[in-house]
1. If the only charges are +1 at each Lys and Arg Cβ and -1 at each Asp and Glu Cβ, what is the size of the charge dipole of segment 30-101 around the Cα centre, to the nearest 20 debye?
2. Which one, Ser48, Gly78, Asn58, projects farthest toward the positive side of the charge dipole computed for segment 9-98 from Cβ point charges (K/R +1, D/E -1)?
3. Could you tell me which of rounded, prolate or oblate describes segment 48-101, using a ≥ b ≥ c as the square roots of the eigenvalues of the alpha-carbon gyration tensor, with rounded for a/c under 1.5 and, failing that, prolate when a/b is larger than b/c and oblate otherwise?
4. Helix-only estimate, please: 222 nm mean residue ellipticity of the chain, summing -39500 (n - 2.57) across DSSP H runs of length 4 or more and dividing by its residues, to the nearest 500.
5. When the Kirkwood radius is taken over all Cα pairs of the chain, what Stokes-Einstein diffusion coefficient follows at 4 °C and 1.567 mPa s, in µm²/s?
6. How far is it, in nm, from the label point at Ala35 to the one at Thr4 when both lie 7 Å from their Cα along the line to the Cβ?
7. Given a cut-off of under 8 Å on Cα pairs at least six residues apart, what relative contact order in percent is computed for segment 9-98?
8. So which helices of the chain fit the span-like rule, where a helix is a whole DSSP H run, its Cα atoms reach 15 Å or more along the axis, and its mean Kyte-Doolittle is at least -1.0?
Amino acid sequence: MTHTQTGLDFRDRGCAQVLAHTPDSWVAEFEQQAAALLRDQGSFTAESVVSLIGQPPNHINAIGAACRAFAKRNHLVGSYEKATNPCAHARVIVRWKEGCQ
């Protein structure tokens with residue numbers, strides 16, 4: 001590790017790596033459903049998208065990577081809440097919505 005590398009650098013490289021091994025069809029489906037929820041409900045969580053399309057076929061980290069890429073590209077802002085899926089044990093998740101323009 002060099003002194004100029006940060007945790008954000010490692011996160012971004014990890015996201016890029018997992019997405020490189022995720023089928024394009026799953027990422028496209030994730031983005032379509034996220035966009036539909038954003039349009040129809042004003043916000044979405046990765047949890048809500050995955051409940052519609054299912055888990056990624058390669059690795060669970062693809063969920064966060066696809067969500068982060070979609071949110072960044074669309075200039076979305078996040079707020080935090082507890083997951084509603086009982087299997088998630090009320091962990092904190094991000095709800096994404098459009099920011100002030």
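1. 180
2. Among Ser48, Gly78, Asn58, the one farthest towards the positive end of the dipole of segment 9-98 is Gly78.
3. On the way: a/c = 2.35, a/b = 1.29, b/c = 1.82.
It comes out oblate by the Cα gyration axes.
4. Values: 4 runs with 53 residues, N = 101.
That comes out to -16500 deg cm²/dmol.
5. For these conditions, the coefficient is 90 µm²/s.
6. For the pair Ala35/Thr4, the computed spacing is 3.6 nm.
7. Working: 101 pairs, mean separation 27.9, N = 90.
Contact order relative to length: 31 percent.
8. Flagged H segments are 7-20, 24-41, 61-73.
Quick note: the coordinates plus some simple rules give every number you see, no bench work behind them. Note that the coordinates shown come from a computational prediction; the quantities given were computed from them, not determined experimentally. Quick reminder, even Gly has a Cβ in these numbers, built from the backbone with ideal geometry, and neighbours come from all protein chains shown.
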